[in-house]
Amino acid sequence: MRVAIIGAGVAGLASARRCLENDFEPTVYERSKGVGGTWVYDERTGLDEFGLPIHTSMYKNLMTNLPKELMDFPNFPYTGLDNVSFLKSSQVQEYIEKFTEHFGLNKHIQFCSLVTSVEKLTNNWQVTVEDLKSKTSKTEYYDAVMVCNGHNALPLTPDIPGINDFDGIQIHSHDYRIPEHFKNLNVLIIGSGASGVDICSDVSKVANQVYFSHHKPELIEKKFPKNVVHKPDVELFSKKSVCFKDNTKQTLDAIIYCTGYKITLPFLKPSCGINVLNDKLIIPLHKNIINIYNPTMGFIGYLNMTFVFRIFDLQVRYYLEFLRKNCSSRLDCMIATMSPVSTHFLGDKMSDYCKSLILDKIKVEPIPPIYFKIYNKCHKLKNKYFRLYRSLNIRIVDNDEYVIEFNAENFKN
């Protein structure tokens, strides 16, 4: 079976590896020059050399908010990092590149290749790809398509009154790279997801004052730098200031929107049977993977609030087993048994989601329970030791036991 894989980030690489192991014939189309997707650090913002928006949202000082023990592919551990669990983005990117080389994936990847059209034909898929270097296009035909291009590339910016009147700096976290651009400025951070919290701390190292706008009471109790002031939602902007919903007003130099992303799939033609609801939900997907209208199209990695490497790998294994067991003559019958998901957010339902995959008629090997235990423990430690948790070092002893140690050297660094 010939499989087109769109994207060479974590999801696409996991898909290529498992395709090869199961005697599928994968071709991976990647619009950039290398693997890694959002883990690639690129100091540029705006457009790349091909006139396309820069894909990555990686900023220079990012440290992972999950330990490397939850950020590896099965049977391919990190090496040379025994004394550290929370990594720099460059260390994760290096790991991804080693994974790609180890499993011989590069020869199956076509770089600088932009998928411009995917159409469902009667018995197969028509995929049109532009070679960004030569500006030529080609069309190929596949038995299945795996969409793995990610959902953290198109910024979502809130529509706040007066937003166009403000004449200071305005960027989305997608374009945030280094804090030095905000030295001695009064900066507003809007949004309190992982990137909002991290960028708030990063910018506070050089900014005069940071106003952190959010509605999470639990964050107010955390120990932030002294120049960070928690504020409620924004009421409106003026030329040089912001009014908050507590009726306070502050002078501003810059705004950073850490407000998430839109899902965009412009290359999928109507014949694919896929829509994106409110820029947030791909419909209709069974198990957050299978295109119900055309089951030989699968979506890998469109999940939030989870540990991605192993869960993406589980999705891939589930989908390939589904394809292997259900030849084209049976797929129409399978549609009647499928039901669409209503969210891509897992959170505390992550374990139930994974169980739903392994308990299905399509049998795949489960993720060992210890990884879920570590994930839950890390969230508790993050809440308890907000400033210290990245100094912890985690060692997996076996499939039932792990050890957490405090590393003073990591904390100092």
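Filtering ALA16, ALA4, ALA11 for residues that are in contact with a strand residue (DSSP E or B) (Cβ under 6 Å, 6 or more places away or on another chain) and in a helix (DSSP H, G or I) leaves a single hit, ALA16.
Every residue in the stretch 82-101 that is part of a helix (DSSP H, G or I) and either among the basic types (Lys, Arg) or farther than 21 Å from TYR371 by Cβ (or both), please.
Matches in the stretch 82-101: SER89, SER90, GLN93, GLU94, GLU97, LYS98, THR100, GLU101.
Residues in the stretch 285-322 that are in contact with a Lys or Arg (Cβ under 9 Å, 6 or more places away or on another chain), β-branched (Val, Ile, Thr) and open to solvent by 10 Å² or more (accessible area, probe 1.4 Å): 1 in all. Is it true that ILE96 is buried (at least 19 other Cβ atoms within 10 Å of the Cβ) and touching a helix residue (DSSP H, G or I) at 6+ places or on another chain (Cβ under 7 Å)? Against the criterion (buried (at least 19 other Cβ atoms within 10 Å of the Cβ) and touching a helix residue (DSSP H, G or I) at 6+ places or on another chain (Cβ under 7 Å)), ILE96 qualifies. When the residues of the stretch 373-405 are filtered to those that are over 18 Å from LYS222 (Cβ atoms) and among the basic types (Lys, Arg), the one that is least open to solvent (accessible area, probe 1.4 Å) is LYS377.
Selection of the stretch 383-413 for residues being of a type in the set (Gly, Ala, Ser) and modelled with pLDDT of 90 or more yields only SER391. Identification of strands (runs of 3 or more DSSP E) wholly contained in the stretch 177-245 with 1 or more residues that are crowded, with 18+ Cβ neighbours inside 10 Å, β-branched (Val, Ile, Thr) and out of contact with any Lys or Arg (no Cβ under 8 Å at 6 or more places or on another chain) yields 186-190, 209-213, 228-231. Taking the criterion of being touching a Pro at 6+ places or on another chain (Cβ under 6 Å) and either of a type in the set (Val, Ile, Thr) or part of a strand (DSSP E or B) (or both), the only residue of the stretch 137-176 that qualifies is HIS172. Just one of the numbered conditions (1) open to solvent by 40 Å² or more (accessible area, probe 1.4 Å); (2) outside any loop (DSSP other than H, G, I, E, B) is not true of SER134; which one? Of everything listed in (1) open to solvent by 40 Å² or more (accessible area, probe 1.4 Å); (2) outside any loop (DSSP other than H, G, I, E, B), SER134 misses just condition (2).
Contact annotation: residue pairs with Cβ atoms under 7 Å, 6 or more positions apart or on different chains, pairing a residue in the stretch 130-147 that is touching a residue at least 24 places away in the same chain (Cβ under 8 Å) with a partner that is open to solvent by 70 Å² or more (accessible area, probe 1.4 Å) and assigned to a strand (DSSP E or B), are TYR142/ARG2; ASP143/ARG2. If HIS55 meets every condition in (1) surrounded by 13 or more Cβ atoms within 10 Å (Cβ to Cβ); (2) farther than 15 Å from ARG177 by Cα apart from one, which number is that one? All conditions pass for HIS55, except number (2).
Taking (1) on the phi < 0 side of the Ramachandran plot; (2) open to solvent by 10 Å² or more (accessible area, probe 1.4 Å); (3) of a type in the set (Asp, Glu) in turn, ASP279 satisfies each apart from (1).
Under the condition of being under 24 Å from HIS174 (Cβ atoms), modelled with pLDDT under 95, of a type outside the set (Lys, Arg) and out of contact with any Asp or Glu (no Cβ under 9 Å at 6 or more places or on another chain), the residues counted in the stretch 202-235 number 3.
For the stretch 330-369, give me the residue count where each residue is at pLDDT 90 or above, open to solvent by less than 30 Å² (accessible area, probe 1.4 Å) and either touching a helix residue (DSSP H, G or I) at 6+ places or on another chain (Cβ under 9 Å) or of a type in the set (S, T, N, Q) (or both). Adding up the residues that qualify gives 7.
For the stretch 137-173, a tally of residues being surrounded by fewer than 19 Cβ atoms within 10 Å (Cβ to Cβ) and among the small types (Gly, Ala, Ser) returns 4. In the set (1) assigned to a loop (DSSP other than H, G, I, E, B); (2) over 30 Å from GLU119 (Cβ atoms); (3) at pLDDT 95 or above, the condition left unmet by ILE256 is number (1).
The values are calculated or read from the model by the stated rules, or taken from the named source; none is laboratory data. Treat the numbers as computed from the prediction; the structure is a model and nothing was measured. So basically every Cβ, Gly included, is an ideal-geometry build from the backbone, and we count neighbours across all protein chains shown. These accessible areas exclude ligands, DNA and RNA; they are computed on the full protein's heavy atoms, side chains included. Shrake-Rupley method; radii C 1.70, N 1.55, O 1.52, S 1.80 Å.
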